[in-house]
Amino acid sequence: MTGFPGVRPRRLRSSAAIRKLVSETTLEPRQLILPMFVREDATEPIPISSMPGVYQHTRDTARKAVAEAAQLGLGGVMLFGVPTEKDETGSGGIDPDGILNVAIRDAVSEVGDELLVMGDLCLDEFTSHGHCGVLDAQGRVDNDATLKLYAEMGIAQAAAGAHVVGPSGMMDGQVGVVRSALDAAGYIDTVILAYSVKYASAFFGPFREAVGSSLQGDRKTYQQDPGNAHEALREVDLDIAEGADIVMVKPALAYLDIIRQVRDHVDVPVAAYNISGEYAMVEAAAANGWIDRERAILETLTSIRRAGADTILTYWAAEAVDLLGRR
């Protein structure tokens with residue numbers, strides 16, 4: 001070896017073909033899950049102002065979006081219900097004829113087993129106070145009373161045909177209670193995607209509009225402190241011990257280090273949720289001409305995969321398939 005430089009890493013960047021050959025991180029349609037909002041009694045899709053390009057679906061447009069997701073080869077859809085009426089206990093989430101369970105049935109009837117149909121298992125969209133559980137006499141979220149409702153909600157979603165249920169309320173013991181209820185009801189093959197690591201984040205803001213949240217106060221007594229990392233691993237360990245099949249970190253971008261720690265710590269699949277505020281930031285910057293939107297979308301999703309997520313929930317899922325095809 002003579003002269004300098006003797007080592008030239010740029011050789012492996014010299015063409016699109018060589019870059020593709022040595023790429024360390026894959027991003028494929030099967031790794032993407034599309035979150036969807038289905039609004040009760042909607043007659044046409046309703047735009048979500050803080051999330052350009054995302055809508056509250058009607059039942060009919062939701063069916064079409066689910067069918068498209070299957071055709072695109074996505075990994076699944078995660079359904080959220082937006083009810084017209086709410087109450088203190090979130091009974092609409094358990095009602096077999098509530099909008100979420102109806103949407104699950106619609107989706108399964110549309111695609112069968114060609115696409116994983118997932119249901120968000122939480123009461124916040126259905127409670128009049130907007131919290132993820134029922135309240136006690138002092139106005140605090142009652143963990144154990146909430147667990148009983150989660151068990152019923154899990155059975156209702158499985159009965160509607162959900163392949164996967166996603167307990168997301170961050171109640172202690174939620175995975176174990178849901179797993180026991182599902183098994184006792186005969187739904188032993190229903191998968192639990194546990195929202196194991198969910199931080200009390202400012203980036204949830206646009207999601208509150210998407211589900212018509214009635215939240216009063218905040219969720220800091222049950223969602224995690226953004227400064228805590230060791231706690232995340234403890235939560236993951238507890239959920240796996242209780243029967244979680246897949247664990248999730250939410251949000252994603254501000255917690256890429258947590259995704260990596262979780263991926264290195266566990267031997268089950270790891271999901272990450274590229275949440276509404278992360279989506280909105282990119283869309284707002286692109287709308288102002290500050291960044292290249294399409295490149296930013298793929299770079300964002302690739303960073304989450306590189307951090308260790310096996311699966312990503314993202315509002316860009318369908319569009320990303322097109323972008324990947326043109327890359």
Of all trypsin sites (Lys or Arg not before Pro) in segment 207-272, the ones in DSSP coil with at most 14 other Cβ atoms within 10 Å are 220
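Sum -39500 (n - 2.57) across every DSSP H segment of at least 4 residues in the chain, then divide by the residue count to get the 222 nm mean residue ellipticity, nearest 500.
For the chain, the value works out to -12000 deg cm²/dmol.
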What order, most packed first, do the peptides 265-272, 118-125 have when packing is the mean number of other Cβ atoms within 10 Å of each residue?
-> 118-125, 265-272
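What is the local net charge at residue 243, summed over the other residues whose Cβ is closer than 9 Å to its Cβ (Lys, Arg +1; Asp, Glu -1)?
Around residue 243, the charge tally is -3.
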What ³J(HN,Hα) values, in whole Hz, does the Karplus curve 6.51 cos²θ - 1.76 cosθ + 1.60 give for segment 9-18 when θ = phi - 60°, with x put for Gly and Pro?
-> x, 5, 4, 7, 10, 6, 8, 4, 5, 6
List 105, 327, 19, 140, ordered by accessible area with a 1.4 Å probe, largest first = 327, 140, 19, 105
Amide H proximity to residue 129 below 5 Å, modelled H, separation 5+ or other chain, gives none
Listed values (i) 102, 73, 32; (ii) 78, 44, 39; (iii) 93, 58, 35, entry calculated as Cα extents along the principal axes in Å | (ii)
Do you know the relative contact order of segment 27-326, to the nearest whole percent, from alpha carbon pairs under 8 angstrom that are 6+ apart?
-> 18 percent
Relative to the longest principal axis of the C-alpha atoms of the chain, give the angle of the C-alpha long axis of helix 230-242, reported between 0 and 90° and rounded to the nearest 10°.
-> 60 degrees
Name the most mobile residue of 128, 15, 303, meaning the one with the largest mean-square fluctuation, in a Gaussian network model of the chain with Cα contacts below 10 Å.
-> 15
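Please work out the average accessible area per residue across segment 27-326, using the 1.4 Å probe convention, and give it in Å².
Here the residues of segment 27-326 average 40 Å² of exposed surface.
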Centroid-to-centroid separation of segment 202-274 and segment 131-146 [C-alpha atoms, Å] = 20 Å
³J(HN,Hα) computed for each position of segment 178-193 - Karplus, 6.51 cos²θ - 1.76 cosθ + 1.60, integer Hz, glycine/proline x = 5, 4, 4, 5, 4, 5, 5, 8, x, 9, 6, 9, 6, 7, 10, 9
For segment 27-326, which whole percent of the accessible surface, found with a 1.4 angstrom probe, sits on carbon and sulfur atoms?
-> 49 percent
For residue 40, the residues 5 or more places away or on another chain with a placed amide H closer than 5 Å to its own amide H are 82, 84
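Please compute the contact order of segment 52-146 in relative form: average sequence separation of alpha-carbon pairs under 8 Å and at least six residues apart, divided by the residue count, as a percent.
The normalised contact order for segment 52-146 reaches 29 percent.
The values are calculated or read from the model by the stated rules, or taken from the named source; none is laboratory data. Bear in mind the structure is a predicted one, so any value in this text is a computation, not a measurement. Every residue, glycine among them, receives a Cβ derived from its backbone with ideal geometry; neighbour counts consider all protein chains shown. All accessible areas refer to the heavy atoms of the entire protein, side chains included, with ligands and DNA or RNA removed. Shrake-Rupley method; radii C 1.70, N 1.55, O 1.52, S 1.80 Å.
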